[in-house]
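First up is the structure itself, then whatever we jot down about it.
The values are calculated or read from the model by the stated rules, or taken from the named source; none is laboratory data. Keep in mind it's a predicted model, so treat the numbers as computed, not measured. Glycine also receives a Cβ, built like all others from the backbone with ideal geometry; neighbour counts cover every protein chain displayed.
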Amino acid sequence: MTTSPELELGAGVSTSAPAPALAARTRGLRKVYRSTVAVDQVDLDVPAGAVLGMLGPNGSGKTTTIRMLLGLVRPTEGEVELLGRRMPDESAHALPDVGALVEGPGFHPFLSGRENLRRLAAAEPRLSTSDIPKAVENALERVGLAAAAHRRYRGYSLGMKQRLGLAGALLVPRRMVVLDEPTNGLDPAGTREIRRIIGELHADGVTVLVSSHLLAEVEATCTHVAVLHDGTVVAQGELDDLLESGSPGLVVSTPDGDLALETLREHRIPGKLVPDGVRADLTAVAAPQVVEALVRGGVAVHEVRRERTGLEDLFARLTQDEAEPDGLSDVDEVSA
Ligand SMILES: Nc1ncnc2c1ncn2[C@@H]1O[C@H](COP(=O)(O)OP(=O)(O)OP(=O)(O)O)[C@@H](O)[C@H]1O
């Protein structure tokens with residue numbers, strides 16, 4: 001059991017490098033499993049304080065990238081930095097600041113959720129022995145598992161196992177939390193709780209990296225997105241920027257739809273009628289010019305808004321020819 005009186009629960013302080021602008025970054029990252037290129041030339045930036053959603057079809061390389069970020073898998077080529085530390089060589093410095101939920105952390109089937117968490121807590125360098133019970137109860141409470149904490153792990157549902165894994169990641173305050181498919185197996189209420197927890201972490205300034213298949217979840221919780229396809233990053237950046245860049249359109253609400261369309265045509269602005277007015281194409285013209293043309297043309301402009309693509313449309317466009325679901329048959333991963 002590790003005791004470190006000078007580093008108590010709640011300190012939340014790194015003993016290592018000062019906070020970098022990027023909480024994590026990869027350059028030229030590549031992982032080859034025998035004949036399978038799982039990840040290829042990935043340059044990923046995870047800004048400090050962001051909630052970055054990692055999206056991609058099955059087998060696109062999300063888990064492999066996350067495992068390389070955490071030093072669980074050694075890259076074939078390329079560089080990984082986590083909280084300013086080079087991975088996997090400096091794992092011991094970076095990892096105490098990082099809470100991670102990745103593929104079941106090997107909980108003991110015959111121990112209760114609480115006992116499992118206590119064992120995990122005992123291995124936390126940040127927790128002194130006397131702090132363990134309180135940290136465990138707080139984490140159980142936070143993930144909504146307190147009532148089932150006395151039950152054996154082997155009787156847990158998939159969702160409960162996910163919650164326990166998440167509790168393990170949240171045992172001590174972290175600078176970064178990495179969640180691989182955290183809503184896997186959760187019911188809608190559990191999914192909402194994950195959203196709440198991510199929101200709380202974000203409000204506390206914690207960087208969150210979350211991989212998910214649930215686009216609506218990502219759209220609701222993330223500030224940034226990275227889209228993977230066939231092992232490469234096909235888009236990354238702020239969510240709002242990505243959604244806006246996907247659709248240069250301006251929707252103008254007006255009762256004078258026909259006049260508006262005629263006015264757009266006079267100004268050679270491509271447009272079409274939509275239910276409550278017109279949609280102007282902004283590929284070759286800026287929004288203020290459209291509004292000015294319409295107002296000068298005598299159109300009663302009630303409301304103007306930039307059209308946003310849904311994340312679902314953007315994702316479909318970026319990942320059109322979906323990768324085959326993977327079989328994970330030929331395992332040859334290397335531990336750090
Ligand atoms: N240990 C391994 N041994 C062999 N191949 C692997 C291993 N891990 C991953 N792969 C392969 O690497 C590719 C990327 O897999 P990865 O699990 O990173 O994708 P993913 O985006 O997380 O997929 P999913 O959404 O299905 O979890 C797949 O083709 C997969 O079969």
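How many residues, within segment 71-115, are among the small types (Gly, Ala, Ser) and assigned to a loop (DSSP other than H, G, I, E, B)? Before you say what the answer is, go through the steps one by one.
Looking only at segment 71-115, we keep the residues that are among the small types (Gly, Ala, Ser), and these are 71, 78, 84, 91-92, 94, 99-100, 104, 106, 112-113.
Cutting the leftovers down to assigned to a loop (DSSP other than H, G, I, E, B) gives us 71, 84, 104, 106.
Qualifying residue count for the region: 4.
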Only one of ARG74, ARG119 is more than 18 Å from the chain's Cα centre (by Cα), away from the ligand (no atom under 16 Å from the Cβ) and surrounded by fewer than 17 Cβ atoms within 10 Å (Cβ to Cβ), namely ARG119
Which pairs have Cβ atoms under 6 Å, sit 6 or more apart or on different chains, and link a residue in segment 219-231 that is over 15 Å from VAL51 (Cβ atoms) and in the same structural domain as VAL42 (by TED's automatic domain parsing) to one that is among the aliphatic types (A, V, I, L, M) and assigned to a strand (DSSP E or B)?
VAL227/LEU55; VAL227/VAL234; VAL227/ALA235; GLY231/VAL37; GLY231/ALA38; GLY231/VAL39
Scan segment 30-38 and tell me whether some residue there is near the ligand (Cβ under 8 Å from one of its atoms), in contact with a strand residue (DSSP E or B) (Cβ under 7 Å, 6 or more places away or on another chain) and more than 14 Å from GLN236 (Cβ to Cβ).
yes
Scan (1) surrounded by fewer than 22 Cβ atoms within 10 Å (Cβ to Cβ); (2) more than 20 Å from the chain's Cα centre (by Cα); (3) modelled with pLDDT of 90 or more; (4) under 28 Å from GLU217 (Cβ atoms) for the single condition ARG30 breaks and write down its number.
(4)
Please determine, by comparing only the residues of segment 141-156 that are over 24 Å from the mean Cα position of the chain (by Cα) and in a loop (DSSP other than H, G, I, E, B), which one is farthest from GLY185 (Cα to Cα).
HIS150
For segment 266-290: of the residues being of a type in the set (Val, Ile, Thr) and touching a Leu at 6+ places or on another chain (Cβ under 8 Å), which is nearest to VAL252 (Cα to Cα)?
VAL278
Of these, SER130, SER91, which one is under 30 Å from LEU29 (Cα atoms), out of contact with any strand residue (DSSP E or B) (no Cβ under 7 Å at 6 or more places or on another chain) and of a type in the set (S, T, N, Q)?
SER91
Tell me yes or no: at least one residue of segment 31-46 is assigned to a loop (DSSP other than H, G, I, E, B) and touching a Pro at 6+ places or on another chain (Cβ under 9 Å).
no
If THR64 satisfies all but one of (1) over 26 Å from LEU239 (Cα atoms); (2) touching a strand residue (DSSP E or B) at 6+ places or on another chain (Cβ under 7 Å); (3) not aliphatic (A, V, I, L, M), what's the number of the condition it fails?
(1)
Search result, residues across segment 235-256 that are crowded, with 19+ Cβ neighbours inside 10 Å and assigned to a helix (DSSP H, G or I):
LEU239, LEU242, LEU243
